[in-house]
Amino acid sequence: MEEKSGRAAAVEWEYVTYAPAGVSCHVCRRGFEPLVPVWRGGVGAAAVYRHAVRCPWAEEL
Ligand SMILES: [Zn+2]
C-alpha cells in the first residue's frame with residue numbers, strides 16, 4: 001500500500017492538538033510556537049506534527 005518511490009512516506013493525519021515540546025513541523029521543518037494548534041499524524045510508529053491552520057514557513061501545502 002505504501003508508496004516507496006519518489007515521495008516521503010505518506011502521513012495519516014489524525015487529529016488537531018498542541019505539539020509537545022521539542023518537535024518541529026513535518027512540512028516546514030520549523031519548531032512550533034506555544035499553544036499553536038497542530039495536526040498530529042503518524043508515519044509507521046513515529047508521531048509527526050504539522051501546523052494545523054497553515055504552515056507560516058511553507059511555500060505550499
Ligand atoms: Zn509548518
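The values are calculated or read from the model by the stated rules, or taken from the named source; none is laboratory data. What you see is a predicted model; the values in this text were computed from it and never measured. Note: ideal-geometry Cβ built from the backbone for every residue, glycine included; neighbour counts use all protein chains shown. These area figures cover heavy atoms from the full protein model, side chains too; ligands, DNA and RNA do not enter into them. Shrake-Rupley method; radii C 1.70, N 1.55, O 1.52, S 1.80 Å.
In summary, PRO20 fulfils each of the numbered conditions (1) open to solvent by less than 80 Å² (accessible area, probe 1.4 Å); (2) outside any loop (DSSP other than H, G, I, E, B) with the single exception of condition (2). Failed condition for ALA9, given (1) modelled with pLDDT under 85; (2) more than 11 Å from the ligand (Cβ to nearest atom); (3) open to solvent by 60 Å² or more (accessible area, probe 1.4 Å), with all others met? Of the numbered conditions (1) modelled with pLDDT under 85; (2) more than 11 Å from the ligand (Cβ to nearest atom); (3) open to solvent by 60 Å² or more (accessible area, probe 1.4 Å), the odd one out for ALA9 is (3). Scanning the stretch 29-58 for residues being more than 9 Å from the ligand (Cβ to nearest atom), within 17 Å of TYR15 (Cβ to Cβ) and not in a loop (DSSP other than H, G, I, E, B) gives a total of 9.
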